[in-house]
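**Q** Take this structure first; my questions come after.
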Amino acid sequence: MGVDMASPELRWWDSEVGYEVYIRSFADGNGDGVGDFVGLTEKLDYLAWLGVGIVWVTPFYPSPMRDFGYDVADYVGVDPLFGTLEDFDVCVAEAHRLGLRLIIDLVPNHSSDQHPWFQASQADPDGSMRGYYHWRDPALGGGPPNNWVSHFGGSAWTFHEASEQYYLHLFLSEQPDLNWSNPNLVLEFDRVLEFWLDRDVDGFRIDVAQGLIKNMLMPDNPQLRPITPDMTPRQAFVCFDHRYDLDQKGNTAIYRRWRSIVEPRDGLLLGEVYLRDNNPDKVSRYVATQDGLHRAFYFAPMHTPWEPSAIWSTFRNALDAAPRDLSWAVSSHDDPRAPSRFSPKQPATDNIGQERALAYAVLLFALPGLPFLYQGDELGLVDVEVPIEQLRDPVAVRNQNPGDGRDGSRTPMPWEPGLTGGFTTSTEPWLPVSRSDAETVAAQRDNPRSLLAKHRELLALRRELSDLHGAELEWITGTDHLVISFQRGDCMCALNLADTQTALTLPPGKWRLAYSSKRQAGEMQESSIQLDSPEGVLLVKATS
């Protein structure tokens, strides 16, 4: 059975591959050890050369940096750490000159506790800003109003002694949740979107897109299992059915409103719909009506192990629920890098994780939807073991649990050999650079057999093959097969998940090997193809 691709005409993002820039770690242009807009602007030509079409920049707004920019103190500014509004404008203009689209991270679920809105809300319980946040009296017997917990550990409520009320924060206590039931707050964000659209951004990646609306009665969430002292914050969070604090029906109404704002500017709305159960039917609700989010990140592919049944179910279920409107990421700043996740040895000490990650990227880039690389994926970067004394992520530092932190995937981009990898002229980058010379851009850029070259080849081919932008998907193999394969028009994709070389029967006709993660392209195939382990391939039907 095929996946129905019937839809309105294709938009500019349908033929593109995105690239996440974690701005703190991409390129430092002023030598202070932290990435910035000057550094990003200088490196945009590299991204154009690589072949990506969309650059997503993580938060750069004024912030106390308790959560490294995801605690926003001003939604219409640039933190001096990253430059100025003029630097931002120069970056956008240069991206457009190079044919790149630039989207920015919007953080609407919560602000910083240093934002003027929260400062006013906290100072005056009777003021107009109080309703911009969720304030509640203690429970009848004292203590937090309900049993909601924070993603980052502990209760989601902090007591404010002066007003004798609690405020809600699903993340750090310094990140109070905004109250999207307040019409004045809704208007504030209309103005935020318009401000950045007026500065020529091409769209928004929306942080915690599933979390904005809360059940205002705020009942306890059902608890699924006990929390034990040895659990990480993430493990404790999934001990609850988040029935009342996440994924509420009113979220989609917000995105319908935003769609009317971005549509006249041809802007993209890309939501981070991060549901712990990774239920694709729930994620699909954010894109199914075609009048809210254009695309929604589906995060199961970043958590799926290298195991055939798990990968099969991840993608079959997702494409049944949302045939064309999901966005796939190989890695991200919040999760372990794909080569580390796919390596049978921890920490990764061989190339198998990198080989699997590249083969996996072939699958993601051939599926319907919008795929993203995270900076360094194209180099095959693995997670860095950051010494305990150098950890910066609050999840690790505050919970005294390095294993649950995200620093290992956030270390600076290695551009060239040397102690700081060409990331900065400072001797003290904000996180250590711990890479071999072979993992740098300089070492791989002119090597036709490098992972960087293979990714560049793959991106160029995806842009060239129009069937990968809109043609219907037809599965070739079934879920009991060790090879995932499908056809889209005259293109075919196959990923061998077996531990050994595996034969795959081809559809009728002659097929040209257009891309392989393991070998040279160009050879003709008929009847069947022998796939290495691991290997991802793209084949194109021969015309003669």
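**Q** Output the number of residues of the stretch 321-333 satisfying the condition of being at pLDDT 90 or above and in contact with a helix residue (DSSP H, G or I) (Cβ under 8 Å, 6 or more places away or on another chain). Steps first, please.
**A** In the first step, residues of the stretch 321-333 are kept if they are at pLDDT 90 or above; the result is 325-333.
Checking the rest, the ones that are also in contact with a helix residue (DSSP H, G or I) (Cβ under 8 Å, 6 or more places away or on another chain) come to 325-326, 328-333.
The total comes to 8.
**Q** State whether the residues of the stretch 254-271 include one that is over 27 Å from VAL78 (Cβ atoms), of a type outside the set (Asp, Glu), touching a residue at least 12 places away in the same chain (Cβ under 8 Å) and open to solvent by less than 10 Å² (accessible area, probe 1.4 Å).
**A** No: zero hits.
**Q** Only one of these is surrounded by fewer than 16 Cβ atoms within 10 Å (Cβ to Cβ), at pLDDT below 95 and among the charged types (D, E, K, R): ASP393, ASP480. Name it. Walk me through how you get there before you give the answer.
**A** Working: ASP393 fails: surrounded by fewer than 16 Cβ atoms within 10 Å (Cβ to Cβ).
Result: ASP480 is the single residue among ASP393, ASP480 that is surrounded by fewer than 16 Cβ atoms within 10 Å (Cβ to Cβ), at pLDDT below 95 and among the charged types (D, E, K, R).
**Q** Select, from THR420, THR479, the only residue that is in a loop (DSSP other than H, G, I, E, B) and over 25 Å from VAL38 (Cβ atoms). It would help to see each step written out before you state the result.
**A** Values: THR420 fails: over 25 Å from VAL38 (Cβ atoms).
None of the other options fit; the residue is THR479.
**Q** Quick one: what pairs do we get from the stretch 228-241, first residue over 11 Å from HIS151 (Cα atoms), second polar (S, T, N, Q) and in a loop (DSSP other than H, G, I, E, B), C-beta under 8 Å, 6+ apart or different chains?
**A** Close Cβ pairs (under 8 Å, with a partner that is polar (S, T, N, Q) and in a loop (DSSP other than H, G, I, E, B)) amount to PHE240/ASN147; PHE240/ASN221; ASP241/ASN221.
**Q** Which one of the conditions (1) open to solvent by 10 Å² or more (accessible area, probe 1.4 Å); (2) touching a residue at least 12 places away in the same chain (Cβ under 8 Å); (3) over 21 Å from ILE104 (Cβ atoms) does ASN279 fail to meet, given that it meets all the rest?
**A** Here ASN279 clears every test but (2).
**Q** Which residue pairs have Cβ atoms closer than 8 Å, lie 6 or more positions apart in sequence or on different chains, and pair a first residue in the stretch 349-370 that is of a type in the set (Lys, Arg) with a second residue that is open to solvent by less than 10 Å² (accessible area, probe 1.4 Å) and assigned to a helix (DSSP H, G or I)?
**A** Partner pairs satisfying both residue conditions: ARG356/ALA338; ARG356/PRO339.
**Q** Next question, about the same structure. Within the group LEU495, LEU431, LEU458, LEU468, which residue is buried (at least 17 other Cβ atoms within 10 Å of the Cβ), touching a Leu at 6+ places or on another chain (Cβ under 7 Å) and among the hydrophobic types (A, V, I, L, M, F, W, C)? Talk me through it step by step, then tell me what you get.
**A** On the way: LEU431 fails: touching a Leu at 6+ places or on another chain (Cβ under 7 Å); LEU458 fails: touching a Leu at 6+ places or on another chain (Cβ under 7 Å); LEU468 fails: touching a Leu at 6+ places or on another chain (Cβ under 7 Å).
None of the others qualify; the one that does is LEU495.
**Q** Here's another thing I want to ask about it. Look through the stretch 340-385, keep the residues that are of a type in the set (S, T, N, Q) and outside any helix (DSSP H, G or I), and return whichever of them is most open to solvent (accessible area, probe 1.4 Å).
**A** Narrowing the stretch 340-385 to residues of a type in the set (S, T, N, Q): 340, 343, 346, 349, 351, 354, 375.
Narrowing the set further to residues that are outside any helix (DSSP H, G or I) leaves 343, 346, 349, 351, 375.
Working: SER343: 10, GLN346: 122, THR349: 101, ASN351: 98, GLN375: 1 Å².
Per the stated criteria, the residue is GLN346.
**Q** Turning to a different aspect of this structure: Select from the stretch 481-503 the residues that are of a type in the set (Asp, Glu) and free of Cβ contacts under 8 Å to residues at least 40 places away in the same chain and list them in ascending order. Spell out the reasoning first.
**A** Residues of the stretch 481-503 of a type in the set (Asp, Glu): 490, 499.
Passing the criteria: only ASP499.
The values are calculated or read from the model by the stated rules, or taken from the named source; none is laboratory data. These numbers come from a predicted model, not from an experiment. Because the Cβ atoms are built from the backbone with ideal geometry, glycine has one as well, and the counts that use them run over all protein chains shown. When the accessible area is computed, the model is the full protein with side chains, heavy atoms only, and any ligands, DNA or RNA have been set aside. Shrake-Rupley method; radii C 1.70, N 1.55, O 1.52, S 1.80 Å.
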